[in-house]
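See below for the structure under consideration.
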Amino acid sequence: MAVEYNAFITEETIEGDADGPLADARVAVKDNISTAGIRTTCGSEMLADYVPPYSATVVDRLTEAGATVVGKTNMDEFGMGTTTETSAFGPTRNPADPERVPGGSSGGSAAAVAAGAADVALGSDTGGSVRCPAAFCGVVGIKPTYGLVSRYGLVAYANSLEQIGPIAADVETAAKALSVIAGPDPNDGTTRDPSAVDGADGDTAYAAAADGDVDGLTIGVPTELFDGADDRVVETVEAAIADLETQGATTTEISLPSVEHAVQAYYVIAMSEASSNLARFDGVRYGHRAESDGNWNESFAETREAGFGAEVKRRILLGTYALSAGYHDKYYKKAQDARAWVRQDFEEAFADVDVIASPTMPVLPFELGESLDDPLRMYLADANTTPVNLANLPAVSVPAGDVDGLPVGLQLVGPKFGEKTVIRAASAVEES
Amino acid sequence: MTDTSDPDADDAATGDAPAVDAAEVDHVAELARVRLDDAEREAFADQFAEILEYFEALDEVPALDREEELVNVMRADEVEEGLTQAEALANAAETEDGFFMGPKVS
(Lines give C-alpha, C1' and ligand atoms only; values in the text may rest on other atoms or scores of the structure.)
Protein backbone atom coordinates (compact mmCIF):
# COMPACT_ATOMS: atom_id res chain seq x y z
CA MET A 1 0.00 0.00 0.00
CA ALA A 2 2.04 2.95 1.27
CA VAL A 3 5.16 0.85 0.63
CA GLU A 4 4.74 0.89 -3.14
CA TYR A 5 4.53 4.69 -3.06
CA ASN A 6 7.62 5.05 -0.82
CA ALA A 7 5.59 7.32 1.47
CA PHE A 8 7.54 6.43 4.62
CA ILE A 9 11.24 6.68 5.41
CA THR A 10 10.81 4.93 8.76
CA GLU A 11 7.82 2.89 9.91
CA GLU A 12 7.88 2.80 13.68
CA THR A 13 5.10 3.35 16.18
CA ILE A 14 4.68 5.77 19.08
CA GLU A 15 1.59 4.74 21.02
CA GLY A 16 -0.77 7.50 22.01
CA ASP A 17 -2.75 7.97 25.21
CA ALA A 18 -5.83 5.82 25.68
CA ASP A 19 -8.32 8.54 24.94
CA GLY A 20 -8.63 12.04 23.60
CA PRO A 21 -9.98 13.84 20.57
CA LEU A 22 -7.73 11.81 18.25
CA ALA A 23 -8.18 8.41 19.94
CA ASP A 24 -7.64 5.60 17.40
CA ALA A 25 -6.30 8.02 14.79
CA ARG A 26 -3.17 6.92 12.92
CA VAL A 27 -0.85 9.86 12.38
CA ALA A 28 2.11 10.05 10.00
CA VAL A 29 4.78 12.64 10.78
CA LYS A 30 7.02 14.38 8.26
CA ASP A 31 10.61 13.36 8.79
CA ASN A 32 11.82 16.86 9.67
CA ILE A 33 9.73 16.80 12.89
CA SER A 34 11.64 15.32 15.83
CA THR A 35 10.54 12.04 17.40
CA ALA A 36 12.42 10.92 20.52
CA GLY A 37 14.17 7.61 19.88
CA ILE A 38 13.06 7.39 16.23
CA ARG A 39 15.45 8.63 13.58
CA THR A 40 14.58 11.93 11.96
CA THR A 41 16.38 12.24 8.62
CA CYS A 42 14.92 15.31 6.89
CA GLY A 43 15.20 13.18 3.75
CA SER A 44 18.96 13.73 3.86
CA GLU A 45 22.10 11.59 3.99
CA MET A 46 23.32 14.17 6.47
CA LEU A 47 20.85 12.97 9.11
CA ALA A 48 20.35 9.37 7.95
CA ASP A 49 21.34 8.05 11.40
CA TYR A 50 20.25 10.99 13.57
CA VAL A 51 18.06 9.95 16.50
CA PRO A 52 16.58 12.95 18.36
CA PRO A 53 16.78 12.93 22.16
CA TYR A 54 13.41 14.72 22.39
CA SER A 55 10.10 14.98 20.55
CA ALA A 56 8.65 18.05 18.89
CA THR A 57 5.83 19.77 20.79
CA VAL A 58 3.36 18.82 18.03
CA VAL A 59 4.22 15.11 18.39
CA ASP A 60 3.65 15.23 22.16
CA ARG A 61 0.33 17.03 21.63
CA LEU A 62 -0.85 14.43 19.11
CA THR A 63 -0.02 11.45 21.31
CA GLU A 64 -1.52 13.16 24.37
CA ALA A 65 -4.70 13.56 22.28
CA GLY A 66 -4.81 9.80 21.73
CA ALA A 67 -3.24 9.56 18.28
CA THR A 68 -0.76 6.82 17.41
CA VAL A 69 2.24 7.82 15.31
CA VAL A 70 2.69 5.18 12.59
CA GLY A 71 5.81 6.45 10.87
CA LYS A 72 8.00 9.20 9.50
CA THR A 73 7.20 10.34 6.01
CA ASN A 74 9.37 10.97 2.99
CA MET A 75 10.10 14.53 1.96
CA ASP A 76 12.25 16.70 -0.24
CA GLU A 77 15.65 17.00 1.43
CA PHE A 78 15.29 19.54 4.29
CA GLY A 79 11.95 20.59 2.74
CA MET A 80 13.66 21.96 -0.36
CA GLY A 81 11.58 20.93 -3.34
CA THR A 82 8.12 20.80 -4.84
CA THR A 83 8.06 17.12 -5.87
CA THR A 84 9.59 14.92 -3.07
CA GLU A 85 12.19 13.83 -5.63
CA THR A 86 15.14 15.49 -3.87
CA SER A 87 14.89 12.99 -0.97
CA ALA A 88 18.01 10.91 -0.35
CA PHE A 89 15.60 8.00 0.20
CA GLY A 90 14.17 8.03 -3.33
CA PRO A 91 11.05 9.71 -4.69
CA THR A 92 7.54 9.18 -3.36
CA ARG A 93 4.93 8.23 -5.96
CA ASN A 94 1.52 9.82 -6.23
CA PRO A 95 -1.25 7.35 -5.25
CA ALA A 96 -3.53 9.05 -7.81
CA ASP A 97 -1.02 8.18 -10.56
CA PRO A 98 2.18 6.36 -9.57
CA GLU A 99 4.05 7.72 -12.60
CA ARG A 100 3.64 11.23 -11.23
CA VAL A 101 5.07 13.12 -8.27
CA PRO A 102 2.99 13.61 -5.12
CA GLY A 103 4.08 17.25 -4.85
CA GLY A 104 6.35 18.46 -2.11
CA SER A 105 8.00 18.93 0.05
CA SER A 106 5.62 16.98 2.37
CA GLY A 107 4.91 14.43 -0.40
CA GLY A 108 5.18 11.37 1.83
CA SER A 109 2.64 12.83 4.27
CA ALA A 110 0.05 13.53 1.55
CA ALA A 111 0.68 10.16 -0.14
CA ALA A 112 0.29 8.31 3.19
CA VAL A 113 -3.13 9.91 3.69
CA ALA A 114 -4.19 9.41 0.06
CA ALA A 115 -3.16 5.74 0.21
CA GLY A 116 -5.12 5.20 3.43
CA ALA A 117 -2.02 4.44 5.52
CA ALA A 118 -2.72 7.32 7.91
CA ASP A 119 -5.81 9.25 9.02
CA VAL A 120 -3.83 12.44 9.61
CA ALA A 121 -0.34 13.47 8.59
CA LEU A 122 1.78 16.40 9.64
CA GLY A 123 3.67 18.40 7.07
CA SER A 124 5.60 21.64 7.21
CA ASP A 125 4.81 24.50 4.86
CA THR A 126 7.56 27.01 4.10
CA GLY A 127 6.40 28.02 0.61
CA GLY A 128 3.54 25.61 -0.04
CA SER A 129 4.92 22.29 1.19
CA VAL A 130 1.65 21.21 2.85
CA ARG A 131 -0.76 22.64 0.27
CA CYS A 132 1.09 21.51 -2.86
CA PRO A 133 1.19 17.79 -2.02
CA ALA A 134 -2.37 17.97 -0.68
CA ALA A 135 -3.47 19.38 -4.05
CA PHE A 136 -1.48 16.87 -6.12
CA CYS A 137 -2.66 13.85 -4.08
CA GLY A 138 -6.32 14.91 -3.81
CA VAL A 139 -6.43 15.45 -0.03
CA VAL A 140 -6.86 18.41 2.33
CA GLY A 141 -3.92 20.43 3.71
CA ILE A 142 -3.93 23.37 6.10
CA LYS A 143 -1.15 25.93 6.39
CA PRO A 144 -1.84 27.76 9.68
CA THR A 145 -1.24 31.43 10.44
CA TYR A 146 2.40 32.06 11.33
CA GLY A 147 2.65 31.62 15.08
CA LEU A 148 -0.40 29.40 15.62
CA VAL A 149 1.52 26.11 15.82
CA SER A 150 4.74 25.45 17.73
CA ARG A 151 7.83 24.60 15.71
CA TYR A 152 9.85 23.35 18.67
CA GLY A 153 11.48 20.20 17.34
CA LEU A 154 10.99 21.08 13.66
CA VAL A 155 14.36 21.08 11.91
CA ALA A 156 14.63 24.64 10.62
CA TYR A 157 14.82 25.54 6.94
CA ALA A 158 13.47 29.13 6.77
CA ASN A 159 12.15 30.19 10.17
CA SER A 160 10.41 33.39 9.15
CA LEU A 161 8.16 31.50 6.72
CA GLU A 162 7.43 28.00 7.96
CA GLN A 163 4.55 26.47 9.89
CA ILE A 164 3.62 22.89 10.68
CA GLY A 165 0.18 21.93 9.33
CA PRO A 166 -2.13 18.91 9.12
CA ILE A 167 -3.10 16.85 6.07
CA ALA A 168 -6.19 14.59 6.06
CA ALA A 169 -8.73 13.08 3.69
CA ASP A 170 -11.41 15.59 4.72
CA VAL A 171 -11.58 19.13 6.09
CA GLU A 172 -13.15 18.21 9.43
CA THR A 173 -10.41 15.70 10.31
CA ALA A 174 -7.66 18.14 9.34
CA ALA A 175 -9.39 20.85 11.41
CA LYS A 176 -9.62 18.55 14.42
CA ALA A 177 -5.89 17.80 14.20
CA LEU A 178 -5.14 21.52 13.89
CA SER A 179 -6.99 22.19 17.16
CA VAL A 180 -4.80 19.60 18.87
CA ILE A 181 -1.48 21.04 17.69
CA ALA A 182 -2.39 24.76 17.86
CA GLY A 183 -1.59 27.10 20.71
CA PRO A 184 1.30 28.80 22.46
CA ASP A 185 4.42 26.91 23.51
CA PRO A 186 7.03 28.32 25.89
CA ASN A 187 9.66 26.48 23.83
CA ASP A 188 8.82 28.46 20.67
CA GLY A 189 8.92 32.24 21.19
CA THR A 190 7.19 32.85 17.84
CA THR A 191 3.96 31.16 18.93
CA ARG A 192 0.99 33.33 19.84
CA ASP A 193 -2.22 32.74 21.70
CA PRO A 194 -4.89 33.81 19.19
CA SER A 195 -7.19 34.86 22.01
CA ALA A 196 -4.60 37.50 22.93
CA VAL A 197 -4.37 38.89 19.38
CA ASP A 198 -6.44 42.00 18.62
CA GLY A 199 -9.38 41.25 16.35
CA ALA A 200 -8.61 37.53 16.12
CA ASP A 201 -11.04 34.75 16.94
CA GLY A 202 -9.52 33.09 19.99
CA ASP A 203 -11.61 29.93 19.77
CA THR A 204 -9.49 27.10 18.36
CA ALA A 205 -12.25 24.45 18.14
CA TYR A 206 -11.79 24.39 14.37
CA ALA A 207 -13.71 21.21 13.52
CA ALA A 208 -16.99 22.91 14.45
CA ALA A 209 -16.33 25.44 11.68
CA ALA A 210 -16.45 22.69 9.04
CA ASP A 211 -20.21 23.19 8.70
CA GLY A 212 -20.35 24.00 4.99
CA ASP A 213 -22.20 27.26 5.59
CA VAL A 214 -20.96 29.83 3.08
CA ASP A 215 -24.20 31.80 2.83
CA GLY A 216 -23.18 35.47 2.70
CA LEU A 217 -19.45 34.76 2.39
CA THR A 218 -17.52 37.09 0.07
CA ILE A 219 -14.85 35.35 -2.01
CA GLY A 220 -12.11 37.41 -3.67
CA VAL A 221 -10.80 36.01 -6.94
CA PRO A 222 -7.37 37.46 -7.80
CA THR A 223 -6.70 37.53 -11.52
CA GLU A 224 -2.92 37.27 -10.97
CA LEU A 225 -3.23 33.78 -9.46
CA PHE A 226 -5.19 32.47 -12.46
CA ASP A 227 -3.11 34.04 -15.23
CA GLY A 228 -0.60 31.59 -16.56
CA ALA A 229 -2.17 28.56 -14.90
CA ASP A 230 -3.01 25.44 -16.91
CA ASP A 231 -6.43 25.97 -18.59
CA ARG A 232 -7.75 22.65 -17.27
CA VAL A 233 -6.76 23.62 -13.72
CA VAL A 234 -8.46 27.02 -14.11
CA GLU A 235 -11.67 25.44 -15.41
CA THR A 236 -11.82 22.99 -12.52
CA VAL A 237 -11.19 25.67 -9.90
CA GLU A 238 -13.67 28.10 -11.49
CA ALA A 239 -16.34 25.39 -11.43
CA ALA A 240 -15.74 24.81 -7.71
CA ILE A 241 -15.99 28.56 -7.02
CA ALA A 242 -19.20 28.78 -9.07
CA ASP A 243 -20.59 26.01 -6.92
CA LEU A 244 -19.87 28.04 -3.79
CA GLU A 245 -21.90 30.84 -5.38
CA THR A 246 -24.88 28.53 -5.76
CA GLN A 247 -24.51 27.84 -2.02
CA GLY A 248 -24.95 31.54 -1.22
CA ALA A 249 -21.42 32.95 -1.47
CA THR A 250 -20.68 35.99 -3.59
CA THR A 251 -17.52 36.41 -5.63
CA THR A 252 -15.65 39.52 -6.60
CA GLU A 253 -12.61 39.98 -8.79
CA ILE A 254 -9.64 41.47 -6.95
CA SER A 255 -6.08 42.39 -7.85
CA LEU A 256 -2.91 41.57 -5.93
CA PRO A 257 -0.20 43.13 -8.12
CA SER A 258 2.60 42.31 -5.66
CA VAL A 259 2.22 38.55 -6.07
CA GLU A 260 4.01 38.75 -9.42
CA HIS A 261 7.16 39.10 -7.30
CA ALA A 262 6.30 36.53 -4.64
CA VAL A 263 8.30 33.62 -6.05
CA GLN A 264 11.45 35.74 -6.37
CA ALA A 265 11.03 37.19 -2.89
CA TYR A 266 10.25 33.81 -1.39
CA TYR A 267 13.30 32.09 -2.86
CA VAL A 268 15.70 34.88 -1.92
CA ILE A 269 14.44 34.93 1.68
CA ALA A 270 14.17 31.14 2.05
CA MET A 271 17.61 30.50 0.55
CA SER A 272 19.18 33.21 2.71
CA GLU A 273 17.68 31.77 5.88
CA ALA A 274 18.64 28.25 4.77
CA SER A 275 22.26 29.23 4.23
CA SER A 276 22.41 30.31 7.86
CA ASN A 277 20.26 27.54 9.36
CA LEU A 278 22.09 24.70 7.65
CA ALA A 279 25.48 25.96 8.84
CA ARG A 280 24.83 23.86 11.94
CA PHE A 281 25.48 20.66 9.96
CA ASP A 282 29.21 20.45 10.50
CA GLY A 283 29.55 16.76 11.36
CA VAL A 284 30.67 17.50 14.91
CA ARG A 285 27.62 17.42 17.18
CA TYR A 286 25.34 15.26 15.02
CA GLY A 287 24.93 14.12 11.47
CA HIS A 288 27.20 12.67 8.84
CA ARG A 289 30.94 13.25 9.20
CA ALA A 290 33.30 12.68 6.29
CA GLU A 291 36.59 10.86 6.79
CA SER A 292 38.96 13.74 6.22
CA ASP A 293 42.62 14.46 6.82
CA GLY A 294 42.05 18.15 6.31
CA ASN A 295 41.75 20.98 8.80
CA TRP A 296 38.47 22.17 10.30
CA ASN A 297 37.33 24.10 7.23
CA GLU A 298 38.30 21.36 4.77
CA SER A 299 36.67 18.68 6.89
CA PHE A 300 33.53 20.80 7.23
CA ALA A 301 33.36 21.32 3.43
CA GLU A 302 33.88 17.60 2.72
CA THR A 303 31.25 16.58 5.27
CA ARG A 304 28.75 18.90 3.60
CA GLU A 305 29.72 17.79 0.07
CA ALA A 306 28.88 14.20 0.98
CA GLY A 307 25.90 14.88 3.25
CA PHE A 308 23.86 17.30 1.13
CA GLY A 309 22.15 16.68 -2.20
CA ALA A 310 22.23 19.04 -5.18
CA GLU A 311 19.12 21.11 -4.37
CA VAL A 312 20.27 21.75 -0.81
CA LYS A 313 23.70 22.83 -2.03
CA ARG A 314 22.08 25.07 -4.62
CA ARG A 315 19.99 26.84 -2.01
CA ILE A 316 22.80 27.20 0.52
CA LEU A 317 25.07 28.68 -2.15
CA LEU A 318 22.45 31.02 -3.62
CA GLY A 319 21.51 32.15 -0.10
CA THR A 320 25.14 32.78 0.75
CA TYR A 321 25.43 34.77 -2.49
CA ALA A 322 22.28 36.82 -1.79
CA LEU A 323 23.59 37.79 1.65
CA SER A 324 27.17 38.48 0.60
CA ALA A 325 28.72 41.95 0.55
CA GLY A 326 27.59 43.94 -2.48
CA TYR A 327 24.51 41.81 -3.13
CA HIS A 328 22.60 42.04 0.14
CA ASP A 329 20.76 45.25 -0.81
CA LYS A 330 20.04 44.06 -4.34
CA TYR A 331 18.53 40.71 -3.39
CA TYR A 332 17.74 40.31 0.31
CA LYS A 333 16.61 43.87 1.03
CA LYS A 334 14.46 44.02 -2.11
CA ALA A 335 12.95 40.66 -1.24
CA GLN A 336 11.96 42.04 2.16
CA ASP A 337 10.38 45.04 0.41
CA ALA A 338 8.43 42.64 -1.80
CA ARG A 339 7.37 40.69 1.27
CA ALA A 340 5.99 43.85 2.92
CA TRP A 341 4.21 44.71 -0.34
CA VAL A 342 2.58 41.27 -0.54
CA ARG A 343 1.44 41.55 3.06
CA GLN A 344 -0.02 45.00 2.41
CA ASP A 345 -1.85 43.79 -0.73
CA PHE A 346 -3.52 40.99 1.22
CA GLU A 347 -4.44 43.30 4.10
CA GLU A 348 -6.12 45.69 1.70
CA ALA A 349 -7.95 42.86 -0.04
CA PHE A 350 -9.30 41.52 3.25
CA ALA A 351 -10.95 44.87 3.93
CA ASP A 352 -13.47 43.85 1.22
CA VAL A 353 -13.52 40.05 1.09
CA ASP A 354 -13.64 37.18 3.61
CA VAL A 355 -11.50 34.66 1.74
CA ILE A 356 -9.36 34.63 -1.39
CA ALA A 357 -9.67 31.68 -3.79
CA SER A 358 -7.29 30.42 -6.46
CA PRO A 359 -5.78 27.22 -7.81
CA THR A 360 -3.37 25.81 -5.20
CA MET A 361 -0.95 24.76 -7.93
CA PRO A 362 -1.01 26.32 -11.41
CA VAL A 363 -0.13 22.95 -12.94
CA LEU A 364 -1.17 19.32 -12.79
CA PRO A 365 1.19 16.90 -10.99
CA PHE A 366 4.51 16.60 -12.85
CA GLU A 367 5.63 13.26 -14.23
CA LEU A 368 8.47 11.73 -12.21
CA GLY A 369 11.81 13.25 -13.28
CA GLU A 370 10.18 15.98 -15.35
CA SER A 371 11.37 19.03 -13.39
CA LEU A 372 14.32 17.63 -11.44
CA ASP A 373 17.05 19.08 -13.64
CA ASP A 374 15.31 22.39 -14.16
CA PRO A 375 15.23 24.08 -10.74
CA LEU A 376 13.73 27.35 -11.99
CA ARG A 377 10.79 25.51 -13.54
CA MET A 378 10.18 23.78 -10.22
CA TYR A 379 10.36 27.11 -8.35
CA LEU A 380 7.78 28.72 -10.67
CA ALA A 381 5.21 26.07 -9.71
CA ASP A 382 5.12 27.73 -6.26
CA ALA A 383 3.59 30.96 -7.65
CA ASN A 384 0.26 30.64 -5.81
CA THR A 385 1.43 29.19 -2.52
CA THR A 386 4.46 31.37 -1.66
CA PRO A 387 2.50 34.67 -1.30
CA VAL A 388 0.64 33.16 1.67
CA ASN A 389 3.86 32.38 3.56
CA LEU A 390 5.26 35.83 2.80
CA ALA A 391 2.09 37.34 4.31
CA ASN A 392 2.01 34.94 7.33
CA LEU A 393 -1.62 33.99 6.52
CA PRO A 394 -3.68 30.80 6.95
CA ALA A 395 -4.73 28.80 3.89
CA VAL A 396 -6.37 25.50 3.01
CA SER A 397 -5.98 23.39 -0.09
CA VAL A 398 -9.13 21.35 -0.74
CA PRO A 399 -9.84 18.99 -3.67
CA ALA A 400 -11.77 20.86 -6.37
CA GLY A 401 -12.13 18.03 -8.85
CA ASP A 402 -9.83 16.28 -11.28
CA VAL A 403 -8.54 16.42 -14.84
CA ASP A 404 -8.29 12.95 -16.42
CA GLY A 405 -7.97 11.42 -12.95
CA LEU A 406 -5.34 13.92 -11.76
CA PRO A 407 -6.40 15.88 -8.66
CA VAL A 408 -6.75 19.68 -8.72
CA GLY A 409 -6.64 21.70 -5.49
CA LEU A 410 -8.51 24.89 -4.65
CA GLN A 411 -6.62 27.22 -2.31
CA LEU A 412 -8.59 29.37 0.15
CA VAL A 413 -6.63 32.08 1.97
CA GLY A 414 -7.92 33.93 5.03
CA PRO A 415 -6.88 36.87 7.18
CA LYS A 416 -4.47 36.36 10.08
CA PHE A 417 -5.87 33.79 12.55
CA GLY A 418 -8.91 33.41 10.26
CA GLU A 419 -8.56 29.61 10.24
CA LYS A 420 -12.27 29.10 10.86
CA THR A 421 -13.25 31.09 7.80
CA VAL A 422 -11.05 29.09 5.43
CA ILE A 423 -12.08 25.81 7.07
CA ARG A 424 -15.76 26.71 6.71
CA ALA A 425 -15.33 27.66 3.03
CA ALA A 426 -13.29 24.51 2.32
CA SER A 427 -15.93 22.30 3.90
CA ALA A 428 -18.51 23.80 1.52
CA VAL A 429 -16.29 22.84 -1.44
CA GLU A 430 -16.37 19.24 -0.18
CA GLU A 431 -20.15 19.19 -0.02
CA SER A 432 -20.57 20.19 -3.65
CA MET B 1 13.40 47.18 -15.28
CA THR B 2 17.08 46.43 -15.21
CA ASP B 3 19.37 49.21 -16.34
CA THR B 4 21.17 47.93 -19.40
CA SER B 5 22.79 51.20 -20.42
CA ASP B 6 26.28 49.87 -19.77
CA PRO B 7 26.58 46.52 -21.54
CA ASP B 8 30.18 46.04 -20.37
CA ALA B 9 29.41 46.05 -16.69
CA ASP B 10 29.32 42.58 -15.24
CA ASP B 11 28.88 43.43 -11.60
CA ALA B 12 25.41 42.39 -10.48
CA ALA B 13 25.44 45.11 -7.84
CA THR B 14 25.29 47.73 -10.60
CA GLY B 15 21.96 46.37 -11.78
CA ASP B 16 23.01 44.32 -14.77
CA ALA B 17 22.24 40.67 -15.22
CA PRO B 18 24.79 38.76 -13.19
CA ALA B 19 27.40 36.77 -15.03
CA VAL B 20 28.10 33.61 -13.09
CA ASP B 21 31.13 31.53 -13.92
CA ALA B 22 32.59 28.46 -12.28
CA ALA B 23 35.11 30.59 -10.36
CA GLU B 24 32.32 32.63 -8.80
CA VAL B 25 30.43 29.47 -7.84
CA ASP B 26 33.63 28.20 -6.26
CA HIS B 27 34.06 31.38 -4.26
CA VAL B 28 30.54 31.17 -2.84
CA ALA B 29 30.99 27.45 -2.16
CA GLU B 30 34.10 28.26 -0.18
CA LEU B 31 32.26 30.89 1.85
CA ALA B 32 29.48 28.38 2.54
CA ARG B 33 31.94 25.56 3.34
CA VAL B 34 30.47 23.19 0.75
CA ARG B 35 32.92 21.39 -1.54
CA LEU B 36 31.71 20.80 -5.10
CA ASP B 37 32.92 18.45 -7.79
CA ASP B 38 33.68 19.73 -11.30
CA ALA B 39 30.41 18.62 -12.86
CA GLU B 40 28.39 20.20 -10.07
CA ARG B 41 30.33 23.46 -10.36
CA GLU B 42 29.64 23.73 -14.10
CA ALA B 43 25.95 22.84 -13.74
CA PHE B 44 25.50 25.34 -10.90
CA ALA B 45 27.10 28.15 -12.94
CA ASP B 46 24.48 27.75 -15.67
CA GLN B 47 21.59 27.29 -13.25
CA PHE B 48 22.64 30.22 -11.04
CA ALA B 49 22.81 32.53 -14.05
CA GLU B 50 19.25 31.60 -14.98
CA ILE B 51 17.90 31.84 -11.41
CA LEU B 52 19.67 35.14 -10.64
CA GLU B 53 18.38 36.59 -13.89
CA TYR B 54 14.89 35.70 -12.71
CA PHE B 55 15.58 37.37 -9.34
CA GLU B 56 16.46 40.57 -11.27
CA ALA B 57 12.74 41.36 -11.41
CA LEU B 58 12.96 42.33 -7.72
CA ASP B 59 14.41 45.61 -9.00
CA GLU B 60 10.84 46.57 -9.98
CA VAL B 61 9.59 46.30 -6.39
CA PRO B 62 8.88 49.72 -4.89
CA ALA B 63 10.68 50.64 -1.68
CA LEU B 64 8.15 50.45 1.12
CA ASP B 65 7.96 52.02 4.50
CA ARG B 66 8.23 48.78 6.41
CA GLU B 67 6.91 48.83 9.92
CA GLU B 68 7.72 45.61 11.67
CA GLU B 69 5.74 44.95 14.81
CA LEU B 70 8.42 42.98 16.53
CA VAL B 71 8.75 42.36 20.22
CA ASN B 72 11.38 40.37 22.05
CA VAL B 73 10.05 37.25 23.70
CA MET B 74 12.17 36.54 26.75
CA ARG B 75 11.94 34.10 29.61
CA ALA B 76 13.43 34.39 33.06
CA ASP B 77 17.05 33.29 33.13
CA GLU B 78 16.49 30.32 35.40
CA VAL B 79 18.15 26.95 35.31
CA GLU B 80 15.82 24.34 33.85
CA GLU B 81 16.16 20.67 33.22
CA GLY B 82 17.77 19.99 29.84
CA LEU B 83 19.38 17.12 28.00
CA THR B 84 21.82 14.96 29.95
CA GLN B 85 25.41 15.03 28.78
CA ALA B 86 25.01 11.50 27.41
CA GLU B 87 21.92 12.52 25.43
CA ALA B 88 23.65 15.60 24.06
CA LEU B 89 26.64 13.55 22.91
CA ALA B 90 24.68 10.55 21.63
CA ASN B 91 24.62 11.65 17.98
CA ALA B 92 28.22 12.88 17.73
CA ALA B 93 30.63 11.07 15.42
CA GLU B 94 33.48 11.36 17.92
CA THR B 95 33.59 12.25 21.62
CA GLU B 96 36.23 12.21 24.33
CA ASP B 97 35.82 12.58 28.10
CA GLY B 98 32.31 13.97 27.70
CA PHE B 99 33.29 16.48 25.00
CA PHE B 100 32.60 16.67 21.27
CA MET B 101 35.66 15.92 19.18
CA GLY B 102 36.04 18.14 16.12
CA PRO B 103 38.54 18.00 13.29
CA LYS B 104 41.92 19.64 13.82
CA VAL B 105 41.80 23.42 13.63
CA SER B 106 44.85 23.88 11.42
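A few comments on the model shown:
- For residue A:253, the conditions (1) assigned to a helix (DSSP H, G or I); (2) over 26 Å from the mean Cα position of the chain (by Cα); (3) more than 30 Å from residue B:30 (Cα to Cα); (4) not hydroxyl-bearing (Ser, Thr, Tyr) all hold with the exception of (1).
- Some residue of region A:355-376 being part of a loop (DSSP other than H, G, I, E, B) and under 18 Å from residue A:161 (Cα atoms): yes
- Unmet requirement for residue A:409, which otherwise passes all of (1) among the small types (Gly, Ala, Ser); (2) surrounded by fewer than 24 Cβ atoms within 10 Å (Cβ to Cβ); (3) in contact (Cβ under 8 Å) with a residue 24 or more places away in the chain: (2)
- For the criterion of being aliphatic (A, V, I, L, M), under 14 Å from residue A:414 (Cα atoms) and at pLDDT 95 or above, residue A:351 passes.
- Against the list (1) within 8 Å of chain B (Cβ to nearest Cβ); (2) aliphatic (A, V, I, L, M); (3) in contact (Cβ under 8 Å) with a residue 60 or more places away in the chain, the condition residue A:312 fails is (1).
- Residue A:376 being at pLDDT below 95 and at negative phi: yes
- Any hit, region A:313-320, residues being assigned to a loop (DSSP other than H, G, I, E, B) and surrounded by 23 or more Cβ atoms within 10 Å (Cβ to Cβ): no
- The residues of region A:152-179 that are more than 22 Å from residue A:312 (Cβ to Cβ) and surrounded by fewer than 24 Cβ atoms within 10 Å (Cβ to Cβ), listed by number, are A:152, A:169, A:170, A:172, A:173, A:176, A:179.
- Region A:243-270, residues that are under 24 Å from residue A:425 (Cα atoms) and either within 12 Å of chain B (Cβ to nearest Cβ) or touching a strand residue (DSSP E or B) at 6+ places or on another chain (Cβ under 8 Å) (or both): A:244, A:245, A:249, A:250, A:251, A:252, A:253, A:254, A:255, A:256, A:259
- Sub-6 Å Cβ pairs linking a first residue in region A:203-223 that is closer than 13 Å to residue A:430 by Cβ to a second residue that is acidic (Asp, Glu), at least 6 apart or interchain, are A:210/A:172; A:212/A:431, ordered by first then second residue.
- Members of region B:56-84 found to be within 11 Å of chain A (Cβ to nearest Cβ), closer than 22 Å to residue A:37 by Cβ and exposed (fewer than 11 other Cβ atoms within 10 Å of the Cβ), listed by number: B:80, B:82, B:84
- All positions within region A:348-362 that are surrounded by fewer than 20 Cβ atoms within 10 Å (Cβ to Cβ) and either under 19 Å from residue A:139 (Cα atoms) or without any contact (Cβ under 8 Å) to a residue 40 or more places away in the chain (or both): A:348, A:351
- Residues that are in contact with a helix residue (DSSP H, G or I) (Cβ under 9 Å, 6 or more places away or on another chain) and within 14 Å of another protein chain (Cβ to nearest Cβ), drawn from region A:357-384: A:371, A:372, A:373, A:374, A:375, A:376, A:378, A:379, A:380, A:381, A:382, A:383
- The listed residue being in a loop (DSSP other than H, G, I, E, B), modelled with pLDDT of 90 or more and more than 20 Å from residue A:272 (Cα to Cα), out of B:7, B:62: B:62
- Single match in B:24, B:42 (criterion: modelled with pLDDT of 90 or more, over 18 Å from the mean Cα position of the chain (by Cα) and surrounded by 14 or more Cβ atoms within 10 Å (Cβ to Cβ)): B:42
- Neighbours by Cβ (under 6 Å, 6+ apart or cross-chain): first from region A:170-196, within 12 Å of chain B (Cβ to nearest Cβ); second not in a loop (DSSP other than H, G, I, E, B): A:185/A:57; A:191/A:185
- Reported count of residues in region A:1-20, each being among the polar types (S, T, N, Q) and either in a loop (DSSP other than H, G, I, E, B) or free of Cβ contacts under 8 Å to residues at least 40 places away in the same chain (or both), is 2.
- Count of region A:326-335 residues which are of a type outside the set (Gly, Ala, Ser), surrounded by fewer than 22 Cβ atoms within 10 Å (Cβ to Cβ) and facing another protein chain (nearest Cβ under 7 Å): 2
- Of the residues contained in region A:281-303, none is found to be surrounded by fewer than 21 Cβ atoms within 10 Å (Cβ to Cβ), under 27 Å from the mean Cα position of the chain (by Cα) and in a helix (DSSP H, G or I).
- Looking across A:273, A:298, one residue alone is over 23 Å from residue A:88 (Cα atoms) and more than 7 Å from every other protein chain (Cβ to nearest Cβ). It is A:298.
- Residue in region B:86-103 that is acidic (Asp, Glu), part of a loop (DSSP other than H, G, I, E, B), more than 7 Å from chain A (Cβ to nearest Cβ) and surrounded by 13 or more Cβ atoms within 10 Å (Cβ to Cβ) present: yes
The values are calculated or read from the model by the stated rules, or taken from the named source; none is laboratory data. Since the structure is predicted, the reported quantities are computational estimates derived from the model, not experimental observations. Reconstructed Cβ throughout: ideal geometry from the backbone, glycine too, with neighbour counts over all protein chains shown.
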